[in-house]
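The values are calculated or read from the model by the stated rules, or taken from the named source; none is laboratory data. Since the structure is predicted, the reported quantities are computational estimates derived from the model, not experimental observations. Every residue, glycine among them, receives a Cβ derived from its backbone with ideal geometry; neighbour counts consider all protein chains shown.
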Amino acid sequence: MFHRIRRRRTAEPTEIQRRHFEMWARLEEQVPPEVEQMRADLQPAEPTAVVDDFLPPELRVPSHNQLDGRMMPWKQPIVLDDEMVTCTGCGAYRDWLILSTHDQIWLRCHQGHQQQETRLDTAWYNRNAGPADATHATFEDCLRHLGH
């Protein structure tokens, strides 16, 4: 059986195969008139102006590496390792501002005392923080905005 297939492959192409190949070669170079019309329609009549499609500067939100830090209010008590976190300065245990800066978490009480909380990390902050509602140029502006 395989010897018949090999003989067929080595034999000269038949007259029908030769005509088929010639016709196919002629058709490859031809393009239907409908295609030429579509190509002409797709060409722009005049060059279009380049427009910057990025947001204007007043609507852009700075990325996390452009900010010195982020903060959010936290009204309820913070419990870590079955222990309620209290302020080392005044003993307050609720109404915190949680600051995330340089991969550190800081807690700020309503009296203005700050303490670093090493049991919290940036991943915890990102899970619990909502979307930012404002950006501020200074730390004091942000404190005023959050009511501290």
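Of all residues in region 40-74 being outside any loop (DSSP other than H, G, I, E, B) and among the hydrophobic types (A, V, I, L, M, F, W, C), which is farthest from Leu146 (Cα to Cα)? Only one residue fits best here, namely Ala40. Restricting attention to region 121-140 and to residues that are out of contact with any helix residue (DSSP H, G or I) (no Cβ under 8 Å at 6 or more places or on another chain) and surrounded by 12 or more Cβ atoms within 10 Å (Cβ to Cβ), the residue that is modelled with the lowest pLDDT turns out to be Ala132. Within region 75-87, being outside any loop (DSSP other than H, G, I, E, B), without any contact (Cβ under 8 Å) to a residue 40 or more places away in the chain and surrounded by 10 or more Cβ atoms within 10 Å (Cβ to Cβ) holds for Val79, Met84.
Of all the criteria given as (1) aromatic (Phe, Trp, Tyr); (2) under 20 Å from Thr122 (Cβ atoms); (3) outside the structural domain of Thr122 (by TED's automatic domain parsing), the one not satisfied by Trp24 is (2). Taking region 103-120 on its own, how many of its residues are in contact with an Asp or Glu (Cβ under 8 Å, 6 or more places away or on another chain) and either in contact (Cβ under 8 Å) with a residue 24 or more places away in the chain or surrounded by 14 or more Cβ atoms within 10 Å (Cβ to Cβ) (or both)? Going through region 103-120 one residue at a time, the tally reaches 6. Can you tell me which residues in region 91-148 are under 14 Å from Met72 (Cβ atoms) and of a type in the set (S, T, N, Q)? Within region 91-148, Ser100, Thr101, Thr122, Asn126, Asn128, Thr135 qualify. Might you let me know whether region 55-67 holds any residue that is surrounded by 13 or more Cβ atoms within 10 Å (Cβ to Cβ) and in contact with a strand residue (DSSP E or B) (Cβ under 9 Å, 6 or more places away or on another chain)? Looking through region 55-67, at least one residue is surrounded by 13 or more Cβ atoms within 10 Å (Cβ to Cβ) and in contact with a strand residue (DSSP E or B) (Cβ under 9 Å, 6 or more places away or on another chain).
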